[in-house]
Amino acid sequence: EMVRSDWSSDVCSSDLFYIVCGYGETGSALVHSLTERHHSVVTIDTSQERIDALELENLRLYVPAFCGDARRPRHLVEAGLKHPLCKGVVALTNDNKANLKVAITSKLLHPNIRVICRADSHDVEANMRSFGTDYIINPFDTFALHLATALQAPGLYVLKEWLTGNRQRPVGEPVYPPKSGHWIVCGYGRFGRAVYHRLKDEGINPVVVEARPGLTGVPDGDYIEGRGTEAVTLEEAGIRKAVGLVAGTNDDSNNLSIIMTARELSSRLFVVARQSNLDNEHVFDAVGADIVMHPSSIIADKIRVLLGTPLLHEFIGLANYEDEEWAGDLVKKIALLLNAQRPEVWELNIDPDSALAVSSALSRGQVVQVGDLVRDPGERERELHCIPLLINRHGTSMMMPAFNTNIKPGDRLLFCGKPNAADRMRWTLQNYHALDYVLTGETRPQGWIWKMLSGRSVNRAR
């Protein structure tokens, strides 16, 4: 049963909120990311131990947390599913059927709500799509696509990783997976299959090493029965001539052993590793894999972008159509501006709530341009450390808008840069005097004392 059923006093009555079902590694990472960006969240999990752990977390916002079963419609309703301020439901349990039930319940009881689900089965994905689930995230297919991007366009891969990755993680070096040559894929489960087929699509014919081919099935190409942790199996797979290795079993210890054994036989390998347990992060860092795939992080990062910065999701989609030179130039620009630090990404809405001063100026016919927002409100000749990435106007988007682009009411803008740039930009958006200064260069007196000293009349309340 749910521990609590009355949460209305815990969430501000004017706050839109999301329901996150499942507080494992993925749910925890997502809740942290959303609350960091001031999004209200309600969480359900079947484990009281996890709920207790959440209540001890040092989160920016208070998160009402319930011990309950999200598969039961009553528990979802008690968590706020039918509340008019409920903006979305995210199903992140490690049970495909449970996530499917949450999606069905959410769409039936609140048809207009946004539903995002984790699924690592293509059959379950098809079922979820059949009744309108908004986003279905398969961590294995998502990572396979990331790897394909790294093969095709390393600059675009770095750009995506910098903009969409968790800002608590350090910026990684660019990676350049071999586009040809001999690859070995150890493990032909859900992850191994996804990577194998992506490599095949890129014109690479990898050899698969699988310990239980009767359970996982076999590829249409070469495969060897074995775990890959033994040197003899890797030798049979051609490790000495290999350029790439994927350690993709569902056991972290086996994957680490595969990598260490392979490194002893060949030091020239490009290594892709699957990490199932977040607690093993330091060990995987030490083993020196070029790319580490952690399913929970992939899911949390993607959902965080979808919910927290939807314009970034749109920007990344449009960036896929740009060439490698364009992506490389933008990466260099960001690196120079931020000294290779991971950029903060933020959205702006040009409306009276989020941009009072700018909205007022536009309503009076004043011209405000993108470049005006980039001026430092304390020293207008200096530019803030940020880059405009996208402007969306009535559903139409323009990438990399020029500084002389006029801003219109209702515009939505996407920027990346240093965190303090976002704070100073919001000062310009909301404060009349700050906006007046960046537009004209004039610092006008504020307050009745300064007005009196400047010879202006002051109307005093009688």
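The values are calculated or read from the model by the stated rules, or taken from the named source; none is laboratory data. Treat the numbers as computed from the prediction; the structure is a model and nothing was measured. Reconstructed Cβ throughout: ideal geometry from the backbone, glycine too, with neighbour counts over all protein chains shown. Please note that ligands, DNA and RNA were not included when accessible areas were found on the heavy atoms of the full protein model with its side chains. Shrake-Rupley method; radii C 1.70, N 1.55, O 1.52, S 1.80 Å.
Of these, ASP285, ASP290, which one is in contact (Cβ under 8 Å) with a residue 24 or more places away in the chain, open to solvent by 20 Å² or more (accessible area, probe 1.4 Å) and of a type in the set (Asp, Glu)? First the steps, then the outcome.
Numbers: ASP285 fails: in contact (Cβ under 8 Å) with a residue 24 or more places away in the chain.
Residue meeting the stated conditions: ASP290.
Just to be sure before I move on: is VAL218 touching a residue at least 24 places away in the same chain (Cβ under 8 Å), touching a Leu at 6+ places or on another chain (Cβ under 9 Å) and among the aliphatic types (A, V, I, L, M) in the structure I sent?
Details: touching a residue at least 24 places away in the same chain (Cβ under 8 Å): yes; touching a Leu at 6+ places or on another chain (Cβ under 9 Å): no; among the aliphatic types (A, V, I, L, M): yes.
Judged against the criteria, VAL218 is not a match.
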Qualifying residues in segment 85-115 (those that are crowded, with 24+ Cβ neighbours inside 10 Å and among the polar types (S, T, N, Q)) - the one nearest to ILE19 (Cα to Cα) | SER106
Do we have any residue at all in segment 357-366 that's at pLDDT 95 or above and touching a strand residue (DSSP E or B) at 6+ places or on another chain (Cβ under 8 Å)?
-> no
Identify all residues within segment 226-252 that are in contact with a strand residue (DSSP E or B) (Cβ under 9 Å, 6 or more places away or on another chain), in a helix (DSSP H, G or I) and of a type outside the set (A, V, I, L, M, F, W, C); write none if there are none.
-> THR233, GLU236, LYS241, ASP252
Residue selected from segment 338-352 under the condition farther than 18 Å from THR164 by Cβ and open to solvent by 20 Å² or more (accessible area, probe 1.4 Å), by the criterion farthest from the chain's Cα centre (by Cα) = PRO352
Answer yes if at least one residue in segment 401-420 is over 24 Å from the mean Cα position of the chain (by Cα), part of a strand (DSSP E or B) and in contact (Cβ under 8 Å) with a residue 40 or more places away in the chain, and no otherwise.
-> no
Would you pick out the residues in segment 389-412 that are open to solvent by less than 10 Å² (accessible area, probe 1.4 Å) and in contact with a Phe, Trp or Tyr (Cβ under 9 Å, 6 or more places away or on another chain)?
-> LEU389, LEU390
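Only one residue in TYR23, TYR62, TYR18 is assigned to a loop (DSSP other than H, G, I, E, B) and closer than 16 Å to ARG304 by Cβ, so which one is that? Break it down into steps so the answer makes sense when it comes.
On the way: TYR62 fails: closer than 16 Å to ARG304 by Cβ; TYR18 fails: assigned to a loop (DSSP other than H, G, I, E, B).
None of the others qualify; the one that does is TYR23.
Let's see how each residue does on (1) within 24 Å of THR35 (Cα to Cα); (2) at pLDDT 95 or above; (3) hydroxyl-bearing (Ser, Thr, Tyr):
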{"residue": "TYR62", "(1), (2), (3)": "yes, no, yes"}
{"residue": "GLY68", "(1), (2), (3)": "yes, no, no"}
{"residue": "LEU81", "(1), (2), (3)": "yes, yes, no"}
{"residue": "PRO84", "(1), (2), (3)": "yes, no, no"}
{"residue": "ASP95", "(1), (2), (3)": "no, no, no"}
{"residue": "LYS101", "(1), (2), (3)": "no, yes, no"}
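Among the residues in segment 147-154, are any under 27 Å from ILE19 (Cα atoms) and open to solvent by 20 Å² or more (accessible area, probe 1.4 Å)?
No - not one qualifying residue is present in segment 147-154.
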Take ILE258 and decide whether it is among the hydrophobic types (A, V, I, L, M, F, W, C), buried (at least 23 other Cβ atoms within 10 Å of the Cβ) and not in a loop (DSSP other than H, G, I, E, B).
-> yes
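Rundown of residues vs (1) under 26 Å from CYS117 (Cα atoms); (2) part of a helix (DSSP H, G or I), yes/no style:
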site	(1), (2)
THR133	yes, no
THR142	yes, yes
LEU147	yes, yes
LEU159	yes, yes
SER180	no, no
PHE191	yes, yes
TYR196	yes, yes
Sole miss for LEU311 among (1) in contact with a strand residue (DSSP E or B) (Cβ under 6 Å, 6 or more places away or on another chain); (2) in a loop (DSSP other than H, G, I, E, B) is condition (2)
Restricting attention to segment 168-178, does a residue exist that is closer than 30 Å to LEU389 by Cα, open to solvent by less than 20 Å² (accessible area, probe 1.4 Å) and either in contact (Cβ under 8 Å) with a residue 24 or more places away in the chain or not small (Gly, Ala, Ser) (or both)?
-> yes
